[in-house]
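Student: Shown below is the structure under consideration.
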Amino acid sequence: MRKYVVIPDSFKGCLSSGEICGIIAREIRRRDPEARVCALPVADGGEGTVDAFLGALGGEKVAVPCRDPYGRPLTAHYGLFPDGKTAVIEMAAAAGLPLVGEDRRVADATTYGVGQLIAYALKRGAERIILGLGGSATNDGGCGAAAALGVEFLDAEGKVFVPVGGTLRRIAHIHTDGRLPALRQAEVIAMCDIDNPLCGESGAAAVFAPQKGADAATVRMLDEGLAHLAAVIEKDLGPSLLTLPGGGAAGGFGAGSVAFLGARLQMGIEAVLDLTDFDRLAADAYLVITGEGRLDSQSLRGKVVVGVARRARALGVPVVALVGSSETDIAAAYDAGVTAVFPINPAPTTLSEALAHARTHLAFTAENVLRFARCLE
């Protein structure tokens, strides 16, 4: 009996990772009825992370009240794994860009609601927090979340306040003595799929704030605020975070999660592979099938396809990537362990047509990959 491991990222704006798993699994069973299919839907830390993990590992979705990016009441969800000790939280659930619509005021937005989600999970008994950093509307360095968890930010007059991106330069001191005791004992893994630093030309504000509503002047102000935050963190708490790879994730929450939550930053796909026990599941696989919407230079920096391929190569298992589209210069993907890449669109097409027919095209391509693989036996 052949074993297939299906572990794709979503085709963003088109198909979820769970839907892709279902389509590919159906084609496998049509061509190989006795096959065993292990489906592991993937999300990189942004919207859909909770659903992807629960789809792969089981568990429950827990609804709790919290605040949205502008402090308004919101009901959001986190995931609790069957062991009751591991919670997965996507910051997009309480601080995501879709929550603000067209009213994008990044300098005013807060991650406070994310801290509330973490607090609820800890009070429920979680001992490990998987925090997905992605899709945020914020640029507060995670200060809002930290405040919700008991960290105090003081201004020059000694008054406690909750900083947002536009007020980071008001921070004079940071006190962490009041953090939730359960947080001190918990393991926190922050998932991010970028390696941008906190500040500078490739930092959180310069690269990501414009899509959150910032003009050039606001970008400069936000960048200066994050640099100031890093200086106060180093003075009061110890760690130097300016050059931390991934520190710029989610409006600086990458750095903030390390400073305030004691988190360990990890590439999203690496966290997924560890938590799903991929190495054990794939060790005896006939074929690993992965994929993402577009395979390009950004993918080659450690996103899903390359992350899966590196692990599978170490196991000696072939890897096929089904993608919406691909650059042609992807030698690095092959070097990482990808056996072959198959863009799914069978003919030249417009983007709208490709999106409309993605299910059919994915099934068509999966069937042909399976036909070819079997003929090589």
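Student: Among [x] 1.02; [y] 1.54; [z] 1.43, which is the computed Cα Rg over 2.2 N^0.38 Å?
Tutor: The value computed from this structure is option [x].
Student: Now for a separate question. Give the ranking of 68, 83 by solvent-accessible surface, highest area first, calculated with a 1.4 Å probe.
Tutor: Values: 68 10, 83 90 Å².
Highest to lowest solvent-accessible surface, that is 83, 68.
Student: With every protein chain left in place, what is the accessible area per residue of segment 160-251 in square angstrom, probe 1.4 Å?
Tutor: Details: 4090 Å² over 92 residues.
Each residue of segment 160-251 exposes 44 Å² on average to a 1.4 Å probe.
Student: For the chain, modelled as a Gaussian network with Cα springs under 10 Å, which listed residue fluctuates most, 291, 200, 165?
Tutor: Residue with maximal mean-square fluctuation among 291, 200, 165: 200.
Student: Compute the relative contact order of the chain as a whole-number percentage, counting only Cα pairs closer than 8 Å that sit 6 or more residues apart in sequence. Walk me through the intermediate numbers first.
Tutor: Values: 899 pairs, mean separation 61.3, N = 377.
Reported as a whole number, the value is 16 percent.
Student: Under a cut-off of 25 Å between alpha-carbon atoms, report the lysines in cross-link reach of residue 3, not counting same-chain residues fewer than 8 places apart.
Tutor: Within reach: 303.
Student: A further question on this structure: For the chain, find the longest principal axis of its Cα atoms and tell me its angle to the long axis of helix 249-261, 0 to 90°, nearest 10.
Tutor: 70 degrees
Student: Now, a different point. When ligands, DNA and RNA are left out and all protein chains stay put, how many square angstrom of accessible area per residue does segment 100-147 have with a 1.4 Å probe?
Tutor: Working: 1370 Å² over 48 residues.
Solvent-accessible surface per residue comes out at 29 Å².
Student: Further question: Quick one: accessible area per residue over segment 32-73, 1.4 Å probe, rounded to a whole number of Å²? Show your work: numbers first, answer last.
Tutor: On the way: 1840 Å² over 42 residues.
Normalised by residue count, the accessible surface of segment 32-73 is 44 Å².
Student: Further question on the same structure: Lysines near residue 212 by alpha-carbon distance under 19 Å, same-chain residues fewer than 8 away left out - which ones?
Tutor: 12
Student: Using a 1.4 Å probe on the protein chains only, how many percent of the accessible area of the chain belongs to carbon and sulfur? Show your work: numbers first, answer last.
Tutor: Working: 7930 of 15490 Å².
The value for the chain is 51 percent carbon and sulfur by accessible area.
Student: Please report the antiparallel percentage of DSSP beta bridges with both residues in the chain, rounded to the nearest 5.
Tutor: Values: 17 of 49 bridges.
The answer is about 35 percent antiparallel.
Student: Go through 219-230, 70-81 and give me the packing order, highest mean Cβ count within 10 Å leading.
Tutor: 219-230, 70-81
Student: Sum -39500 (n - 2.57) across every DSSP H segment of at least 4 residues in the chain, then divide by the residue count to get the 222 nm mean residue ellipticity, nearest 500.
Tutor: -11000 deg cm²/dmol
Student: Excluding residue 182 itself, what net charge comes from residues whose Cβ is under 14 Å from its Cβ, given Lys and Arg +1 and Asp and Glu -1? Can you show the working numbers first?
Tutor: Values: positive: 85, 123, 124, 128, 179, 184; negative: 127, 187.
Net local charge, residue 182 excluded: +4.
Student: Something else about it: Mind checking which of 293, 316, 254 has the largest fluctuation in a GNM of the chain, springs on alpha carbons under 10 Å?
Tutor: Judging by the Gaussian network model, the answer is 316.
The values are calculated or read from the model by the stated rules, or taken from the named source; none is laboratory data. Everything numeric here is computed off the predicted structure, so don't read it as measured data. Don't worry about glycine lacking a Cβ; one is built from the backbone with ideal geometry, like all the others, and counts go over all protein chains shown. Protein only, heavy atoms only, side chains kept; ligands, DNA and RNA dropped before computing areas. Shrake-Rupley method; radii C 1.70, N 1.55, O 1.52, S 1.80 Å.
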